[in-house]
Amino acid sequence: MAPAAFCNLLPSHRKMSDGDKAQVNSMKQFGIPTSKIMAYMAGQSGGYSMLRFTKRDLYNYVHNQRRARILDGDAAATISYLEGKANADLMSVARYTTTADNRLGNLFWVDGIMKSDYELFGDVLAFNATYRGNKYKKPLVVFSGINHHRQTCIFGFALLQDEEVRTYKWVLLNLLDVMGQRRPNLVVTDGDKAMRAAIAEVMPSAKHRLCAWHLEKNCFQRVKEAEFRKVFKKAIYANFDVDEFERYWRTSIESLSLGQNTWVQSTYDIKESWATAYLRGTFCAGYRTTSRCEGINSFIKAFLKSTDSILELVHSLDRVVKDYRNNEVTAQFYSTYYTPVLSTGLDAIELSASKLYTRAVFREVKKQIKGVATLLFQGRESINTTIVYSFSKMGRPDRVFKVLYDPNDRKIECECKMWDSDGIPCSHIFCVMKYEGMEEIPETLVLRRWCKIAKDCTTLKTGNDSRDQARLLRYSALYLALSHVVTLGCEEVEDFALAHDAISNLVDILQRRRVEKDGNKVLPNNKCGVKDPTMAATKGAPKRGKANLCASEEEPKLKRRCTKCGVPGHTRRTCAGHDLKAVRVGSEAASSAFAESSFAHVKSTERSTSLRREVPFEEGPKVTSSRSQGGAPLGMTPTQSNVSRFAPSGGGGNIFLGGQRIDHFYATPTCGPTSSVPCYSPSFVPGVIHSGSHGASTSLGSEAIERWILENVIGLGSSVEKNGALR
């Protein structure tokens, strides 16, 4: 008999009860690691020996639960989950593409609160891509902005197949379509060229601002002149006008002799995207860097692991969004029910500002009110009905700012353009208010997005109902009518059969109308067969010999060869007893056989390549739509679209959840690194040189084939010069 201390380890005594499983499930739902769950439950029970299961039992149960959630596939489970969210929240939208082999490509989703936040605060948009948040290494893009509490608010998420221009175009087009075609005034990203190209094409009217932090980092790496780093930092942040900036830059570059530096010249060519002098007057809401995006990525790391499935990723991002929204509710409470202490001396103006703005914005406004004490009055003159004030700052008498004041319209404008850039009055404007005896901030200087009532729907201007509002009203009316049908139809069996048949016929009629309206020819199918995605190829230098494999596939291991003779099966240390002549004889026979098989392989590959090129690349993608009708899920409905589109991997469809879709999406027809048309090229075969991106092949001579065999197969070509084309 085993001692009593080992009873908890005996298989006959180990079993997780239903209560233990329920507790584990609830804790895993909120992202608590399995190791901490084990420690907590052990402490709760009085020690590990008091538990009825071991750590291995717990890990096995958690693993089995994870596998059960994605039993039909990770991608299919994620789509089903997003479909359920779309059915529960009519404002939620999710869209994705599939590749040519029916694997998940891109995935984009938003919910109703994100859409309403974008409507209020979508004038400034920031997004960035982060990696390793899932086991497929698909880049995660978080669209974010800044709310009225100067906190980060999230507008949507996207998982990308790659980071090409066509992919970013697809995501941005879907974002605009879901958000009612409202384009931001400013987009803040890092210096990624694919992002810049997509933004310029999809949002040509938006100002694109590059992240100042990334620019400083690149300056530190590319320019070794320490003095230039100070010059460059001042050029980014200083409130120059255009002439002052050009004068300062030209003088600094000449004094440091950096006129021939390629990075300095290329950065200067895009100065409109980073210099404050060229961005004055553009509303930035305080955005100068993508630090908020980096903050989101850092916060998400606490919820995500590199081994998470896509379904776990979506669940974790839901928890992240809830955390950010809780911060907003907390800030709104303190802004509404707490009164700040007045300390500037201009009590009337300060009290007016404290009633209008949220606490976070009021702190910034208070700094400007305090700045009135540092200003020196230079003069006052009248031009028609406009009064011009001139101020300078203590210690800077040469820098004079002029402020225009119209007493009739109570409009105040300052040439420092802080109001236009940040949305709050500057100290020069507050100084004019002091001289004019104003006790309240004029309405023309109050930006609603910074006020406490920014999200108060009762004070919003009402106009024509939007598409989503009208859809919600129609949904409510139909739901009320169907509730009477359900009440009457469930009383008797005959009434139930009549109501059920009538509703089924009505659903068929509405589906056919939807198919005919969308121009599709194939009726929907309720089965979703999307496969899991492949491992995404992130940017950067890839590891040598690594292919783009599916997460479930394993790369075959290469058999180790001798470094002296090249023959597998032994090492250099045991190669001394081998007869080199015998090796040569055996190798010659092997080389002749390999040459014949290689030429046959080349011919067969050339034939298959020519056949593949003859296939016309004009077939439209498969489009599937899923909408919530009467609260009942319809499932995935693949249909045939009549809109021609080039998918990133040669085809595939878009699936739109929540009743939303894009009419068309055209990509660039040219072949290249940013093209939507895949450049077909045959798989590499020894003896074939691939020319360019068109997949043309040219056979080499027998001497080149023999040299390749000697070097790579037999291993006797160590003294032969290696040719990259032959390898």
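The values are calculated or read from the model by the stated rules, or taken from the named source; none is laboratory data. Predicted, not measured: the structure shown is a model, and the values here were computed from it. For neighbour counting, all protein chains shown are included, and Cβ atoms are generated from backbone atoms with ideal geometry for every residue, glycine included. Side chains are part of the model used for accessible areas, which takes the heavy atoms of the whole protein and leaves out ligands, DNA and RNA. Shrake-Rupley method; radii C 1.70, N 1.55, O 1.52, S 1.80 Å.
Note that region 188-196 has calculated 3J(HN,Hα) couplings of 10, 9, 7, x, 5, 5, 5, 4, 4 Hz, one per residue in order, obtained from phi through the Karplus relation 6.51 cos²θ - 1.76 cosθ + 1.60 (θ = phi - 60°); glycine and proline are x. Taking Cα centroids, how far is region 312-368 from region 245-285 in Å? Distance between centres, Cα-based: 35 Å. Across region 405-422, rounded Karplus estimates of 3J(HN,Hα) from the backbone phi angles (6.51 cos²θ - 1.76 cosθ + 1.60, θ = phi - 60°) give 10, 10, x, 5, 9, 6, 9, 10, 10, 10, 6, 6, 6, 5, 4, 5, 8, 10 Hz, Gly and Pro being marked x.
Compute the FRET efficiency between Thr330 and Asp501 as 1/(1 + (r/R0)^6), taking r as their Cβ-Cβ distance and R0 = 45 Å, and round to the nearest 0.05.
Details: r = 53 Å, r/R0 = 1.17.
E between Thr330 and Asp501, to the nearest 0.05, is 0.30.
Each Cα pair under 8 Å and six or more residues apart adds its sequence gap; the mean of these over the residue count of region 303-412 is a relative contact order of 13 percent.
Can you give me the % of accessible surface on region 84-196 that is carbon or sulfur? Probe 1.4 Å, all protein chains present, nothing else counted.
Details: 1270 of 2750 Å².
Accessible surface attributable to carbon and sulfur in region 84-196 totals 46 percent.
Rolling a 1.4 angstrom probe over region 252-300 with all protein chains present gives an accessible area of which 46% lies on carbon and sulfur atoms.
In this model, which of Lys193/Lys417; Lys224/Lys366; Lys233/Lys402; Lys193/Lys393; Lys28/Lys193 are farther than 32 Å apart at the alpha-carbon?
Working: Lys193/Lys417 30 Å; Lys224/Lys366 41 Å; Lys233/Lys402 27 Å; Lys193/Lys393 41 Å; Lys28/Lys193 39 Å.
As for pairs spanning more than 32 Å Cα to Cα, those are Lys224/Lys366; Lys193/Lys393; Lys28/Lys193.
Computed from phi, the 3J(HN,Hα) profile of region 569-574 under the Karplus parametrisation 6.51, -1.76, 1.60 (θ = phi - 60°) reads x, 8, 10, 5, 5, 9 Hz, with x in place of Gly and Pro.
In this structure, the pairs whose alpha-carbon distance is over 29 Å, taken from Lys21/Lys135; Lys230/Lys301; Lys55/Lys531, are Lys230/Lys301; Lys55/Lys531.
What order do you get for 202-211, 474-483 when each peptide is scored by the mean count of other beta carbon atoms within 10 Å, highest first? Write down the numbers at each step before the final one.
Details: 202-211: 18.0, 474-483: 11.8.
For the peptides 202-211, 474-483, the packing ranking is 202-211, 474-483.
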